[in-house]
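First up is the structure itself, then whatever we jot down about it.
The values are calculated or read from the model by the stated rules, or taken from the named source; none is laboratory data. If you're wondering where the values come from, they're calculated on a predicted model, not measured in any experiment. All Cβ positions, even for glycine, are placed from backbone atoms using ideal geometry, and neighbour counts span all protein chains on display. Each accessible area value is taken on the protein alone, full model and side chains, heavy atoms only, with ligands, DNA and RNA left out. Shrake-Rupley method; radii C 1.70, N 1.55, O 1.52, S 1.80 Å.
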Amino acid sequence: MAHFAKLDENNVVRQVIVVSNDDAPTEAKGQEFLQNLYKNTDTWKQTSYNTSAGVHLTGGTPFRKNYAGKGYTYDETRDAFIPPKPYDSWTLNEDTCLWEAPVPHPTDGKNYEWDEDNTQWGDVINLGKG
C-alpha cells in the first residue's frame, strides 16, 4: 500500500490516506489518481509508513525523513516531512528532521516531561503530575 499526504497552500499536511499500489505504482500516478478521485488539483506527496528520523524501519531506503502526520510540514528544500515544533527552545536536527530539546532527555528510566520555562527535563513526580 502507498501512503499520500494532502498538503495545503503552506505545505502543511491536512490528511494522510492509503492508496492501493495498483492505483499508485509511482508517486506521479498516485497523485494523478487522487486528483481524479477527488476531482481537484490538490497537492499530494507520497510518504513512507516505515520511515522515521531518516531511517527506514525495515532496512529499506528512507523516504522523506519521516512518515507524514496531520499538522506536519513538507519542506521542499529538505524533501522531508517535519512534525510541528513542540517548544520554542527546541531546534531541528537536520539529519532526522525531528525537533530536539536543548539538553538531552535523561536515560535513568524515570518519567520526564519538558519544562519550557526552565528549559530542562523535569521529573514528572516532582512536577506534581505523578
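So for region 1-81, what percent of the C-alpha to C-alpha distances run longer than 20 Å? Result: 27 percent of Cα pairs exceed 20 Å. At q = 0.19 Å⁻¹, work out log10 I(q)/I(0) for region 63-130 with the Debye formula, treating every Cα as an identical point scatterer and leaving solvent out; two decimals please. Cα-only, vacuum Debye calculation for region 63-130: -0.81.
Heavy-atom surface analysis with a 1.4 Å probe gives the chain a carbon and sulfur content of 46 percent of its accessible area. Which residues among region 1-30 fall inside the zone where the amide N is under 12 Å from a point 7 Å beyond the Cα of Thr58, along Cα→Cβ? Backbone N within reach: 1-2. Model label sites at Val12 and Glu100, defined 7 Å from Cα along the beta-carbon direction, differ in position by 2.7 nm. Seen from His3, the other residues with C-beta closer than 12 Å to its C-beta sum to a net charge of +2, counting Lys and Arg as +1 and Asp and Glu as -1. Give, as a single signed number, the net charge of other residues whose beta carbon lies under 11 Å from the beta carbon of Arg78, with Lys and Arg counted +1 and Asp and Glu -1. Overall, the nearby charge balance is -3. The distance from the alpha carbon centre of region 36-77 to that of region 90-109 is 21 Å, rounded to a whole number. Neighbours of Gly54, meaning other residues whose beta-carbon lies under 15 angstrom from its beta-carbon, give a summed charge of -2 when Lys and Arg score +1 and Asp and Glu score -1.
Residues of the chain: accessible area per residue at 1.4 Å, in Å²? Kindly include the intermediate steps, with their values, before the conclusion.
On the way: 8110 Å² over 130 residues.
Here the per-residue accessible area is 62 Å².
When the chain is treated as a Gaussian network with alpha carbon springs shorter than 10 Å, the biggest mean-square fluctuation among Leu92, Leu57, Leu37 belongs to Leu37.
A simple packing score, the average count of other Cβ atoms within 10 Å per residue, orders the peptides 42-55, 101-114, 12-25 as 42-55, 12-25, 101-114, with the highest score first.
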